[in-house]
Amino acid sequence: MIENKKIPWEKFLEKRARILTQWETGKSPLLDLDKAVEHLRSVPDHKNFAKKLRKAKAEGITMIQPRAGVALIDEHIKLMQYLEKEGEADFLPSTIDSYTRQNRYQHAQDGIKESERVGRSLLNGFPAVNYGVEGCKRVYDSVHVPLQARHGTPDARLLTEIIHAAGWTSNEGGGISYNIPYAKNIGLEDTIRYWQYCDRLVGYYAEQGIEINREPYGPLTGTLVPPSISHTVAIIEALLAAEQGVKNITVGYGQGGNIVQDIAALQTLDELTNYYLKLFGYGDVFVTTVFHQWMGGFPADEAKSMGVIGLAATVAAQGKATKMITKSPHESQGIPTKEANAEGLRASKIITRLLQEQKFPSSKRLSAEKDIIKKEVNALIYAILNVGKGDFARGVVTAFDRGIIDIPFAPSEMNAGKILPARDAEGCIRILEFGNLAFDDEIKAFHKEKLKKRAEEEGREVSFKMTIDDVYAVSMGRLIGKPKKREAGS
Amino acid sequence: MIENKKIPWEKFLEKRARILTQWETGKSPLLDLDKAVEHLRSVPDHKNFAKKLRKAKAEGITMIQPRAGVALIDEHIKLMQYLEKEGEADFLPSTIDSYTRQNRYQHAQDGIKESERVGRSLLNGFPAVNYGVEGCKRVYDSVHVPLQARHGTPDARLLTEIIHAAGWTSNEGGGISYNIPYAKNIGLEDTIRYWQYCDRLVGYYAEQGIEINREPYGPLTGTLVPPSISHTVAIIEALLAAEQGVKNITVGYGQGGNIVQDIAALQTLDELTNYYLKLFGYGDVFVTTVFHQWMGGFPADEAKSMGVIGLAATVAAQGKATKMITKSPHESQGIPTKEANAEGLRASKIITRLLQEQKFPSSKRLSAEKDIIKKEVNALIYAILNVGKGDFARGVVTAFDRGIIDIPFAPSEMNAGKILPARDAEGCIRILEFGNLAFDDEIKAFHKEKLKKRAEEEGREVSFKMTIDDVYAVSMGRLIGKPKKREAGS
Amino acid sequence: MKTVVIGVIGADVHAVGNKIIEHVLTEHGFNVVNIGVLSNQEDFINAAIETDAEAILVSSLYGHGEIDCKYMRENCEEAGLGKIKLYVGGNIVVGKQDFKEVEARFKKMGFDRVYPPGTDIEDAVKHLREDLGE
Amino acid sequence: MKTVVIGVIGADVHAVGNKIIEHVLTEHGFNVVNIGVLSNQEDFINAAIETDAEAILVSSLYGHGEIDCKYMRENCEEAGLGKIKLYVGGNIVVGKQDFKEVEARFKKMGFDRVYPPGTDIEDAVKHLREDLGE
Ligand code: B12
Ligand code: B12
């Protein structure tokens, strides 16, 4: 049975030996741990993700990072260099393609070949495993800012080994956040184990004095996720990572749309993560936050997309997110060209810099929103700990199974999929159907009241139709979905 | 001597007869007042500026309006139609060219001819006087939203006659705001008289039951203008207009850059204008506000310009400005193409609509900023009334002459030009040199304290260098200008 | 009642649009068989055979649509679904490409209808009625 | 100390850049004669004659620069300022145009140096030193 317990080193090494055989690039001599440590020690501070984040937090500046990755390594390097230079990115990603995410390395290999043949990327990301440590190191050598792998991989163990050995000093993901939104029927126990492995590796490096950043994936399905739910997942993944020895964690949140709720979410995310880490004995973990620009459906129009990006950056900077993941004006269309990607970056950059000395003022309205988030997170964390009989790893598996925690619009069968979110009259994300979510009556009454008010203003019943309308709304240029008159069926 | 007194109708008609001879288009039969009234009565509500503003304020939505105008009428009509359709503009402008602004109608005529010859606009706006009522009516007929003349014309009497008779239901400008930032040595008494004339015409139409909107030009020089100074000018122009019978006034403010100060400015602008209008007996005037997106130097980069636009729109919407004047990604380069103009509009549009249900929360920090603005405006208004011995028109002339009110960076010799603004550590616009500005010691101490703090943080003296650095800052991607190491002279 | 199969092809997990499509088509009186995300061609074909469906609506969002949909028409024919209508929509290629070209590529692959990003699913309802008869 | 005339030509009231230019050139040890905004060609030429200036720096921001600067070189020559250096900068034409072409147009009109929007005035300092000698 799964346990939130640090993996013993010998057991880790045993597993490791097997994992490195999953694809031929696992045989690289650079995957020798001593070699990897040596290389990682040579990473200068300005290329170390964890250290640059510490600096940013101290200065109160919101750093920017895009998503980007293509099939062919030379193109990928050009892309990274372009985003660093023309996009003024503070951090670089390498977004991994979807075959690699599903460990289909042979498919990825075919994708590389086919891309070479047709002369354009047919993969939606960079197949890092196929290029191996040597390839990833070439990417690392070609840029001047820290690199991170961004993916959505339930089992990222081989990928993780490869990228860190190559000098990429951050890895996004987690046993929950890279399962529930990214898989259909992979067990949670399995993915938690996979990610315990990834974290254990980072913990090992930490023991060698090498600080590597880990980032649980915050926005989950990116679609109307109430902040307390994504916070709870982030906190639990932070706790699980800390147990494996991770010392530098970035918890994330995807823009919801109501500015006060978003600022409240950013502030509570930092406060609660620190609180729980300390409470459970991991007081030496350094916490930063990442704000994801609008993760739902974007408007088709490029100028409007730039508007959404500008709004997001304004919120992130005022909420003092340490980092922000940017979108591009191509978002609704497809993976952006490097130019479009850089446009999103530069628009974001100037806003974060113009606002670097400014902070959203505290107010009663903000406190109220923070309080409800805190109450909800506490309720969820407590419930999970309870069903786990004191163990978060066990608890979270059971909690998902029973719908005690539940993520809207998730593809995974491990997720109950019973809750339904909807916006209230001011655009805050609230909950319409609670399923088995571990909220008490007081919290539920709060949500119901808020949604009733919206329904009254719109002259309709509180129902799933609101949720549907809200899913579309931003791409139609509104935050709160207005009733759409649809003809009834034929 | 100038007086804040409604112009007697006979005197108005006398002047009118002379003014209509200033250029041949003044002879148009459509300038017959009864004809004009008849035409204005036929303007439907959705094309009436004043009425659409009332609706917007009631709904709490921030409307958007670009600046735009070209030399040739057919091109101008295409431009207007494009901005309405592709830019989704709620209101349309017609920006008038600089020759017309200086009443150099012959120059404008040459500009039209030369533009026809080379096939592109050589004028920086639409020469409305040269096209006359007939031309302006064609523009009016070709669009479906209200039209306004936007210019910067010290003596806009003929222009005003022409545009209103053509069905344009708003006019920007004022005796102070279209003099001090737009002229070098035209007397304030003269321009106040010219604008009393323009307002009197609108007052006449109001007596006939036709509501026309008037908009004092808020941002003045657009460069580090402290809110209390532009508010004072706006309020005085509102009072002067109200005396002439204007019933629908939009007071304006140009984005400063600190979000709290900007929101405080928007809220106090509405509150103070209403307060003083009521206090001086014009309780029946309907007041709305307009927020100007960043009016200082823009960054050269288009994506960054879109960032500045996005930030501005976020502030305007949260501050519940009734209207916002948008900029374009070409701002730093030159008059935008219609496409670039529409991009600025659409980016702004989506933000105002996404945020239409949201409002910046009240807080102590915001109240403090509002309080200081109110104190300052009250001090200035009181001082002006005082030197005017109870008459605002007389008072404001003397006040400018003595520097009791003073606008930074203005070209006009009527302006003392003694004050120097600079940003504080959070980016709020404060005052460094007060000249003769009518502030008491308490207010001055507040400003000094704030600037001292910034200077300390930057390790330099409080000085004019800060002002210089701040003038450049936004175009360099920062709000607060950092010390630039310049080599000393040769 | 007409039966249609919907799902998201390949290693693609974009679930939101799929749930919306199910909801809207059901509202419009179709019998919707939703095989969900991470479905391969076989899953689509088997579902269509089992439920005697008249159309398959393939969603592909993540960019690998072009690879994932290869030979789908041929595979349908082999399975005896000669006349089944094949629709595809979502973000079916990598990046922002000229849609006319994309449409042509997928039509050549045997798809009857090809939809650009952000298509309102109501459009497909109209086409289904045209193509399948009321 | 070298004397230079600065000002903003035509019906143009953009005063901010002009004030900055005065400040920076003075800081760099030039004798700056600033005729301010709303100045016409005559004002520039008269100021240059009166102060024995070696260069005229024309600013034009508002878009009418092309019209306002017509025959300026010829007018200088007529006034006996045959060798005076003529610089022009700001936003000297209407709209965003290809700067190479704009530069060519103004050089043809007899301007020695032509600057694109947002030029750092320090660049002109370097050129003044080159053109006028230290
Ligand atoms: C939310 C989202 C996610 C969520 C998905 C959560 C979940 N499990 O559902 C998360 C964050 C997990 C995610 C992950 C990824 N995503 Co994603 N995602 C989006 C986003 C922002 C919105 C999608 C959405 O939900 N829209 C709302 C629904 C209602 O609309 P829809 O999906 O478009 O579907 C409607 C229509 O298209 C149409 N339709 C759809 N299919 C069909 C079929 C037919 C026949 C018809 C008629 C109509 C039709 O009807 C639907 C209902 O109205 C889009 C970009 C966008 N659209 O703004 C990117 C986007 C689809 N993702 C993209 C990518 C690349 C990824 C990742 C590979 C990388 C990454 N960014 O991490 C992974 C892929 C994981 C995987 N293996 O699939 C790309 C695809 C690129 C491309 N094709 O070139 C996009 C376009 C973003 C981008 N520009 O880069 N994503
Ligand atoms: C502030 C501003 C105003 C203020 C000016 C206040 C005042 N009295 O000074 C107000 C609001 C009044 C105004 C009015 C108008 N403006 Co205006 N304004 C601007 C803006 C936003 C900033 C200008 C500024 O102060 N920059 C900061 C200073 C420090 O920089 P600078 O002026 O560029 O000067 C520096 C350099 O260019 C260089 N430089 C300048 N001259 C020279 C000469 C030489 C030889 C050299 C080497 C260097 C050099 O050094 C300077 C110091 O660093 C610009 C757009 C922008 N740049 O973002 C538009 C802009 C200049 N304005 C423009 C226009 C059209 C107008 C109006 C006609 C219409 C309107 N918008 O209302 C009126 C014109 C009135 C008139 N008759 O002149 C256009 C010009 C269009 C074009 N050329 O195609 C611009 C470019 C905006 C746009 N994109 O449409 N404006």
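The values are calculated or read from the model by the stated rules, or taken from the named source; none is laboratory data. Because the structure is a prediction, the values reported are computed rather than measured. Quick reminder, even Gly has a Cβ in these numbers, built from the backbone with ideal geometry, and neighbours come from all protein chains shown.
Checking each residue in the stretch A:427-438 for being closer than 15 Å to A:L224 by Cβ and in a loop (DSSP other than H, G, I, E, B) picks out A:G427, A:C428, A:F434, A:G435, A:L437. Out of B:K418, B:K482, one residue alone is exposed (fewer than 15 other Cβ atoms within 10 Å of the Cβ), within 13 Å of another protein chain (Cβ to nearest Cβ) and in a loop (DSSP other than H, G, I, E, B). It is B:K482.
One residue is enough: does the stretch A:452-462 have a residue meeting the conditions more than 10 Å from every other protein chain (Cβ to nearest Cβ) and within 30 Å of A:D401 (Cα to Cα)? Yes. Residues that are surrounded by 24 or more Cβ atoms within 10 Å (Cβ to Cβ) and more than 9 Å from chain C (Cβ to nearest Cβ) within the stretch A:96-129 comprise A:I96, A:T100, A:A108, A:F126, A:P127, A:A128, A:V129, listed in sequence order.
Cβ contacts < 6 Å: first residue of a type in the set (D, E, K, R), restricted to the stretch B:36-50; second residue at pLDDT 95 or above, any location; separation 6+ or different chain. Result? From the stretch B:36-50, the pairs are B:D45/B:K51; B:K47/B:P146. When the stretch A:452-478 is filtered for residues that are assigned to a helix (DSSP H, G or I) and either in contact with a His (Cβ under 7 Å, 6 or more places away or on another chain) or β-branched (V, I, T) (or both), the ones remaining, listed by number, are A:T467, A:I468, A:V471, A:V474. Residues in the stretch D:107-123 that are at pLDDT 95 or above, closer than 13 Å to D:G90 by Cα and either among the charged types (D, E, K, R) or in a helix (DSSP H, G or I) (or both): D:R113 only.
Listed residues D:V88, D:V58, D:V102; which is within 12 Å of another protein chain (Cβ to nearest Cβ) and among the aliphatic types (A, V, I, L, M)? Outline the logic, then answer.
Numbers: D:V88 fails: within 12 Å of another protein chain (Cβ to nearest Cβ); D:V58 fails: within 12 Å of another protein chain (Cβ to nearest Cβ).
Of D:V88, D:V58, D:V102, the one residue that is within 12 Å of another protein chain (Cβ to nearest Cβ) and among the aliphatic types (A, V, I, L, M) is D:V102.
Working only within the stretch B:400-442, note down all residues that are within 13 Å of B:D470 (Cβ to Cβ) and within 16 Å of ligand 2 (Cβ to nearest atom). Hits for the stretch B:400-442 are B:P408, B:F409, B:L420, B:P421, B:A422, B:R423, B:I429. Does A:K444 satisfy the criteria of being of a type outside the set (G, A, S), outside any loop (DSSP other than H, G, I, E, B) and either in contact (Cβ under 8 Å) with a residue 24 or more places away in the chain or under 23 Å from A:P299 (Cα atoms) (or both)? No, not satisfied. The residues of the stretch D:1-20 that are among the hydrophobic types (A, V, I, L, M, F, W, C) and either within 16 Å of ligand 1 (Cβ to nearest atom) or within 11 Å of chain B (Cβ to nearest Cβ) (or both), listed by number, are D:M1, D:V8, D:A11, D:V13, D:A15, D:V16, D:I20. So which residues in the stretch A:16-31 are out of contact with any Lys or Arg (no Cβ under 6 Å at 6 or more places or on another chain) and surrounded by 15 or more Cβ atoms within 10 Å (Cβ to Cβ), if there are any at all? Correct list: A:R16, A:L20, A:Q22, A:W23, A:T25, A:G26, A:S28, A:L30, A:L31.
Residues checked against (1) free of Cβ contacts under 8 Å to residues at least 24 places away in the same chain; (2) among the small types (G, A, S); (3) more than 14 Å from chain A (Cβ to nearest Cβ); (4) within 11 Å of ligand 1 (Cβ to nearest atom):
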| residue | (1), (2), (3), (4) |
| --- | --- |
| C:N31 | no, no, no, no |
| C:I92 | no, no, no, yes |
| C:V114 | no, no, yes, yes |
| C:T119 | no, no, no, yes |
| C:A124 | no, yes, no, yes |
| C:E130 | yes, no, no, no |
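When C:I35 is tested against (1) within 12 Å of the chain's Cα centre (by Cα); (2) away from chain A (no Cβ under 12 Å); (3) among the hydrophobic types (A, V, I, L, M, F, W, C), just one condition goes unmet, and that condition is (2).
Any chance the stretch D:73-86 includes a residue that's touching a residue at least 40 places away in the same chain (Cβ under 8 Å), outside any loop (DSSP other than H, G, I, E, B), within 9 Å of ligand 2 (Cβ to nearest atom) and in contact with a strand residue (DSSP E or B) (Cβ under 7 Å, 6 or more places away or on another chain)? Checked the stretch D:73-86: no residue is touching a residue at least 40 places away in the same chain (Cβ under 8 Å), outside any loop (DSSP other than H, G, I, E, B), within 9 Å of ligand 2 (Cβ to nearest atom) and in contact with a strand residue (DSSP E or B) (Cβ under 7 Å, 6 or more places away or on another chain).
Here's the yes/no breakdown for (1) under 19 Å from B:G175 (Cβ atoms); (2) hydrophobic (A, V, I, L, M, F, W, C); (3) in contact (Cβ under 8 Å) with a residue 40 or more places away in the chain:
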| site | (1), (2), (3) |
| --- | --- |
| B:V225 | yes, yes, yes |
| B:V251 | yes, yes, no |
| B:G256 | no, no, yes |
| B:T268 | no, no, yes |
| B:H292 | no, no, yes |
| B:M295 | no, yes, yes |
| B:G307 | no, no, no |
| B:T326 | no, no, yes |
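Please tell me if A:S362 is farther than 30 Å from A:L122 by Cβ, within 14 Å of chain B (Cβ to nearest Cβ) and part of a loop (DSSP other than H, G, I, E, B). Here the answer is yes, as A:S362 does meet what is asked.
Consider the stretch B:228-246 and keep the residues that are within 16 Å of ligand 2 (Cβ to nearest atom) and more than 10 Å from the chain's Cα centre (by Cα). The one that is farthest from the other protein chains (Cβ to nearest Cβ) is B:E237.
For A:A300, the conditions (1) within 12 Å of chain B (Cβ to nearest Cβ); (2) farther than 27 Å from A:K364 by Cα; (3) out of contact with any strand residue (DSSP E or B) (no Cβ under 9 Å at 6 or more places or on another chain); (4) crowded, with 24+ Cβ neighbours inside 10 Å are fulfilled apart from (4). Between A:E376, A:E331, the distinction of being more than 16 Å from ligand 2 (Cβ to nearest atom), crowded, with 23+ Cβ neighbours inside 10 Å and more than 28 Å from A:T95 (Cα to Cα) belongs to A:E376 only. Within the stretch A:324-339, if we keep just the residues that are under 19 Å from A:T352 (Cβ atoms) and not in a loop (DSSP other than H, G, I, E, B), the residue that is farthest from ligand 1 (Cβ to nearest atom) turns out to be A:M324.
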